[in-house]
Amino acid sequence: MCLTVFFAAVFRDPPRKIGSGIVSPADGTVREIDPEKGLVSIYLALRNVHVTRAPFDATIVKAVRVRGKHKPAFSKSTPSNERVEIDLRTTIGDMSIVQMTGAIARRIVLYVKEGQPLAKGEKLSLIRFGSRVDLRLPPEQVQILVQKGQKLYAGKTCIAEVRDGTLD
């Protein structure tokens, strides 16, 4: 019974009202920001929803699984972990989402494929248990709005806006 409740809580997928601008691809906490590289790194704890979403209307250019290690998702060695890399083409430039497994999270279930068009907020994947998601935006086109330590909600929290104004 306890395991059923645990798994129901971890793998929940609540409905989301999609936010404005460029939205977070994942629930979690901002761990790192590098505006010059257009990077927002998000740590997903066990208590977060683990369904990832498209940050913006896009077409998938590449979606590839890369085998690797299973270090803790919050460590500096996370980029060498097993991951799924998704490259997106948008009207404001290319974006990428790298979803990394952790010590416990060892599986990413991908819901999308190359060539597929996506609407902002559309589901991309399910990451099992805690993990990390890095979003790279075109730095010359966007203004990152979130701060390190900020809590984010996939498809809902606006993390950046286009420099010419917010796109909806």
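The values are calculated or read from the model by the stated rules, or taken from the named source; none is laboratory data. This structure is a prediction, so every number in the text was calculated from the model and none was measured. Cβ sites come from the backbone with ideal geometry, for glycine too, and all protein chains shown count toward neighbours.
Within the range 89-110, does at least one residue satisfy the condition of being modelled with pLDDT under 90, part of a strand (DSSP E or B), more than 30 Å from Asp164 (Cβ to Cβ) and out of contact with any helix residue (DSSP H, G or I) (no Cβ under 6 Å at 6 or more places or on another chain)? Yes; the residues of the range 89-110 include at least one that is modelled with pLDDT under 90, part of a strand (DSSP E or B), more than 30 Å from Asp164 (Cβ to Cβ) and out of contact with any helix residue (DSSP H, G or I) (no Cβ under 6 Å at 6 or more places or on another chain). Taking each residue of the range 136-157 that is under 19 Å from Asp94 (Cα atoms) and part of a strand (DSSP E or B) and looking for partners that are among the charged types (D, E, K, R) and at pLDDT below 95 with beta-carbon atoms closer than 9 Å, six or more apart or interchain, yields Val142/Arg163; Gln143/Arg163. Taken over the range 118-142, the criterion of being among the acidic types (Asp, Glu) and either crowded, with 17+ Cβ neighbours inside 10 Å or under 16 Å from the mean Cα position of the chain (by Cα) (or both) is satisfied by Glu122, Asp134.
When you scan the range 106-115, do you find a residue that is over 12 Å from the mean Cα position of the chain (by Cα), of a type in the set (Gly, Ala, Ser) and surrounded by fewer than 20 Cβ atoms within 10 Å (Cβ to Cβ), even just one? There is at least one residue in the range 106-115 that is over 12 Å from the mean Cα position of the chain (by Cα), of a type in the set (Gly, Ala, Ser) and surrounded by fewer than 20 Cβ atoms within 10 Å (Cβ to Cβ). The set of residues in the range 53-71 being at pLDDT below 95 and buried (at least 17 other Cβ atoms within 10 Å of the Cβ) consists of Lys71 alone. Does the range 20-43 include one or more residues that are in a loop (DSSP other than H, G, I, E, B) and at pLDDT below 95? No, that holds for no residue.
Which one is modelled with the lowest pLDDT, of the residues in the range 143-166 that are among the hydrophobic types (A, V, I, L, M, F, W, C) and buried (at least 17 other Cβ atoms within 10 Å of the Cβ)?
We begin by selecting, within the range 143-166, every residue among the hydrophobic types (A, V, I, L, M, F, W, C); these are 144-146, 152, 154, 158-160, 162.
Now drop any that are not buried (at least 17 other Cβ atoms within 10 Å of the Cβ), which leaves 144, 146, 152, 154, 158-160, 162.
Values: Ile144: 98, Val146: 98, Leu152: 98, Ala154: 97, Cys158: 98, Ile159: 98, Ala160: 97, Val162: 94.
The qualifying residue modelled with the lowest pLDDT is Val162.
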